[in-house]
1. In segment A:238-362, with Lys and Arg counted as +1 and Asp and Glu as -1 at Cβ, which of these residues, A:V289, A:C267, A:P301, has the Cα nearest the positive end of the dipole, that is, farthest along it?
2. With springs only between Cα atoms under 10 Å apart, run a GNM on chain A and tell me which of A:E313, A:E286, A:E257 wobbles the most.
3. For a quick check: with amide H placed at 1.01 Å from N, whose amide H comes under 5 Å from A:V297's, ignoring anything fewer than 5 positions away on the same chain?
4. Just to be sure I understand the model, the point goes 7 Å from the Cα along the line to the Cβ. What's the resulting B:R137 to B:R21 distance in nm?
5. Under a crude label model (7 Å from the Cα following the beta-carbon direction), how far is B:R122 from B:D493 in nanometres?
6. Mind grabbing the base-10 log of I(q)/I(0) for segment B:187-276 at q = 0.16 Å⁻¹? Debye formula, identical points on the C-alpha positions, no solvent, two decimal places.
7. Quick one: which bits of segment B:78-96 get at least 10 Å² less accessible when the partner protein chains are in, versus the chain alone, with a 1.4 Å probe?
8. At what distance in nm do the modelled label points of A:D308 and B:S36 sit from each other, each positioned 7 Å from its Cα along Cα→Cβ?
Amino acid sequence: MTIDLSIPALHDIARGAAFLGTGGGGDPYIGRLLAQHALAKYGAPPVVALQDLPDDANLYTIAIMGAPTVMVEKLVGGDEVGLAVKALEQHTGRPATAILPVEMGGINSLLPVKLAAERGLPVVDADGMGRAFPELQMVTFNVMGIPATPMALANEHGEYNVISARDAKSAEDMARLMVIHMGGGVALSCYPMSGAEAKRAAIPGTLSLALGIGQAIAAGRRAGDPFEALLGYLRGTDYYRHCAVLFDGKIVDLVRETTRGFSIGRCSIAADGAATADMEILFQNENLVARRGGRTVAIVPDLVTMLDRETAEPITTESLKYGQRVRVIGASVPPIMRSPAALACFGPRSFGIEEDFQPIEDLI
Amino acid sequence: MRIGVDVGGTNTDAVLMDGRRVVATYKSPTTADVGSGIVAAIRAVLDASGLGPESIKAVMIGTTHFTNAFVERKRLLPVGIIRIALPAGKGLPPLMDWPEDLKAGVGGDVALVGGGREFDGRPIAPLDEAAVAEAARRFRAKGLTAVAISSIFAPVNPDMEERAAAIVRELHPDALITLSGSIGRIGMLERENATIMNASLAEMARHVVASFHAALAELKLDCPFFVSQNDGTLMNAETVARFPVLTFASGPTNSMRGAAYLSGLTDALVIDIGGTTSDVGMLVKGFPRESSVAVDIGGVRTNFRMPDILSIGLGGGSRVRPVEGPAENPGEVSVRVGPDSVGYRLPQEARVFGGEVLTTSDIAVAAGLASMGDPSRLAGLDRGLVASALAEIRRLLSGAIDRMKTSATDLPVVLVGGGAILVDGTLPGAARIVRPENGGVANAIGAAIAQIGGEVDRVYSYQELGREAAIAKAKEEAAAIAVRAGADPGSIDIRDLEEVPLAYLPGGAVRIRAKAVGDMAGI
């Protein structure tokens, strides 16, 4: 499937990425506007399928790292985006031939489209998560042995750092410290890789997937049932077809705390007319686990997303509010995300949840 | 004594109050020139009470005038826009996501200049004063008198916006300047949008405020007047002339605040049943619960404080249609109520008034819940149909109640608005039903009893200040803003406090939003 990156398509991708972002990844609105602005100026970049990449292609990722609150205020996504990749190209000596998304959630899903448009390069229909995660070692690229560094961090002042780290977790920790000094939100390019490496380590078709999800929700709204349309679309995919509405209700309790720079919390949802909350969702920026009646019904890396009950608009954990009326949807993820090595990297225990991963199809 | 006025799209209502007591009320059609409608309504309540203008200590006005002007794109000024942000903020220029027609009309000129602050207050860059001056001269040469200035993290530190305003004022003395830090919350695009909207309404605001002054002068009312804003608090005349945008969506807030006041309840659900819709909202500590989603006004995204209101298609003019029973029980009578309505044509189209349409008002008359028109015209109406329609109305309302409630406990429900007659007895989900006297003018009462508020929304460092001190500081600043706006310091209460830790950033940066409200001093 080839994608035509029109403005309506950007709206759909942003909405689909918000679903895949499972509550994290920042406000997809900003990412959509950034891409829209670049498209108006430079035209739409071509989209290339993962399997069509030449093995010797030089791929560079692009993402924004930092607090969503800083992103919505400073509107990150100016010259620093191009600079991060340029700094890394200089360091490796290999000019980019395509831009590879690293996460398909929130703002970072459409940032590669913006950069590809600016640079006149194709954007790859793939990423390293098929969703959003809070830390940069939590990506299939790392699981499959692609080094995270050299990586470059750049800000709007034209300042940049190229970091070499012993492993991806150490790269994450160093970058996190540097982000504070650099203004709270920076552009980041990491995991530079070849076409051959990407074919081994990336998840194919995730930009199309976000588009398809967004389109299904939009079409469902027009037809009167966005949830049915969304589930219908997911059931037609290879990897996300195990999906269900896990709960329908109202947020009756919301506890947040900030620990190690992350927004960690618990959200309790009660069914209409019920006296007690019967669904609990734990999140660390992204939703991690959904428990119904105390029993786990979906757990990371499978998807758990809360959506507005009327419109099926995905809700970010930052904008959760007491009293909101939501539906919780769970969905499976591709096998590459569920391997033992992948689960060691971004399974439940890497988020401090002392239980084993169980596929959603065994739970619902 | 005070007078509350609600200038709605259809009616202008006035209420004269002595303390908690409603002395007189009046409902009249809204006039094209807002002023004469206000004069007529106030004169009517004064006449009814037999009081002279000297006994009135304040007039409070709620109006949808500015919202409508923006939505209908009427009399909007082109705006000179300054964003203090460079080298940041370049990725998304101002007005980017505005509808084309508005962008063409309102986007007079845009200047991005150096400056702005980081989340922790450090400067991104020093303010580029020369670039601000150049923009000011250009605005002046183009005849742009409306100026909007926004700066990154202005809610954390507004100093660069203030300095830029001083420069513009010096070079362009006719400029009507709006600063983002005095308008909105964190979220640059939404705050900047509101700032530009406000600037585009600046001249009209001066006219409208002048016409309010003239109306009061004509009535020989020598007292201050206030205008209600969307969080249920008041601004004085000078403030509304500068910040008309803060009146956006004040209508539903006033109705809910009025219902709270009339019923004496602070935590309850309010159902305002009008002709076409029922608006359901939740009162928490006497104020409407706010919506958490971004709100589009006239196609422009904002982050205004809006009450969380659920509107359903049920009102006094809703159509009632019989529908055939289910296949397994074809004899069963069931009905559909709404969502379409005869609206303002109720006095012509309803059966009791000689029309042909069966409406919910007809059902209320047939059931003996209300008396209006000619009940004999309903003589042949099937009793089963009437009962089914009443059951359907109850089902619609109890569904709405359930969707708005935040806990399973049954809450008291306050019914206001002309359509309150549709409800017989109690409702599932309601602990009890309260039907306050004068519920038909709840909006004007909400305006009359509104308080003075102050709000801060800033990022604080818990590591530097500690949580307790940071929260205390936020509360103190909110209270100081309320007192400056005219609240009695002794009556200040912190109504709302929200902490949102800034994710992904260690260092204990937390965004705190605090709202203080108090009674108006000296009335």
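1. Farthest towards the positive pole: A:C267.
2. Fluctuation is largest for A:E257.
3. Amide H neighbours of A:V297: A:A290, A:R291, A:R292.
4. 6.6 nm
5. Rounded to a tenth, the inter-label distance reads 4.3 nm.
6. These q points yield log10 I(q)/I(0) values of -0.82.
7. Checking the loss per residue gives B:P87, B:A88, B:G89, B:K90, B:G91, B:L92, B:P93, B:M96.
8. 4.2 nm
The values are calculated or read from the model by the stated rules, or taken from the named source; none is laboratory data. Owing to the predicted nature of the structure, the values given are computational and were not obtained by experimental measurement. Virtual Cβ from ideal backbone geometry, glycine too; neighbours counted across all protein chains shown. When the accessible area is computed, the model is the full protein with side chains, heavy atoms only, and any ligands, DNA or RNA have been set aside. Shrake-Rupley method; radii C 1.70, N 1.55, O 1.52, S 1.80 Å.
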